[in-house]
Amino acid sequence: MNEKIDVFIINTEDPFLGDVLGCDIRIIDPQATVADLMDALDGFAADHLADCKGCDGCCQERAPLLSADVPALARMLPCDTAWPAHAVVASFGLLRIDDGVSDVMLRRDADGVCAQLDLENRCCTIWPQRPFVCRSHFCLPRSFLLEQLRQDIANLGLNELTRLLLAEEANGAPPLDGVWLSERLKGDDYQPNAFSGKSDYHDILLKDCVDLELWKELCSERKGC
């Protein structure tokens, strides 16, 4: 068990499969970070789940990019840039804007499959640098609390990435798709949050990513099966 976070097996119900095993989470240390969460999930998967190499079941799903995903992906690029968020999105991502709301995700091919998937071997080509949303997912039902935590982290990180893209554009970065973001988005809608100023998941506290009610529930005593 991770010293800061306990991820454990529970009995849950699937709308299609009925009673199944799932996973839940309890935060032990109030200083736990997003990196601690990913480590705890990695440990749980190693202890309880089969190796997913050769399975691409989740590689057809939307995978948002977060601001703290940028440094690891930027290091894969051939040269440094003054605008790392733009460079990463241009190389790995897909930007969509709908009714003034930004969505940035891993690029997908014409069949809806992640562009980072090795189709022949059915494995991820950026596995060590894969984004938070990929690292925090596995094929086991998640409790409401764990899923809500994951969604809250993803929403904050995606908003911060959008804020970074707007800031880089204001400092001279070219438009990603030929149209200025500032013409389609309101900068005031993307205010600093728990991800701001932090480039490493070790620096982002989980308690700063959720509201007080959810935090109390995440820290409450619960038992697995």
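Here segment 2-34 is the region considered, the condition is being of a type in the set (S, T, N, Q) and touching an Asp or Glu at 6+ places or on another chain (Cβ under 8 Å), and the residue that is surrounded by the fewest Cβ atoms within 10 Å (Cβ to Cβ) is 11. Condition check: without any contact (Cβ under 8 Å) to a residue 24 or more places away in the chain and either loosely packed, with under 14 Cβ neighbours inside 10 Å or over 19 Å from the mean Cα position of the chain (by Cα) (or both). Does residue 167 satisfy that? Considered against the rule, which asks whether it is without any contact (Cβ under 8 Å) to a residue 24 or more places away in the chain and either loosely packed, with under 14 Cβ neighbours inside 10 Å or over 19 Å from the mean Cα position of the chain (by Cα) (or both), residue 167 comes out as yes. The criterion of being touching a residue at least 40 places away in the same chain (Cβ under 8 Å), assigned to a helix (DSSP H, G or I) and surrounded by 17 or more Cβ atoms within 10 Å (Cβ to Cβ) holds for residue 70. Exactly one residue among 96, 107 is without any contact (Cβ under 8 Å) to a residue 40 or more places away in the chain, under 16 Å from residue 74 (Cβ atoms) and surrounded by fewer than 19 Cβ atoms within 10 Å (Cβ to Cβ), and that residue is 107. Scanning segment 10-34 for residues that are more than 10 Å from residue 141 (Cα to Cα), part of a strand (DSSP E or B) and in contact (Cβ under 8 Å) with a residue 12 or more places away in the chain yields 25, 26, 27, 33.
Applying the condition of being buried (at least 20 other Cβ atoms within 10 Å of the Cβ) and assigned to a loop (DSSP other than H, G, I, E, B) to segment 35-66 and asking which residue is farthest from the chain's Cα centre (by Cα) yields 59. The set of residues from segment 51-92 being charged (D, E, K, R) and more than 20 Å from residue 117 (Cα to Cα) comprises just one member, 80. Here's a check for you: in segment 188-225, which residue that is of a type in the set (Phe, Trp, Tyr) and outside any loop (DSSP other than H, G, I, E, B) is surrounded by the most Cβ atoms within 10 Å (Cβ to Cβ)? My answer is 201.
Every number here is computed from the coordinates shown, using simple stated rules; none is lab data. Just so it is clear, the model here is predicted, and its values are computed rather than measured. Virtual Cβ from ideal backbone geometry, glycine too; neighbours counted across all protein chains shown.
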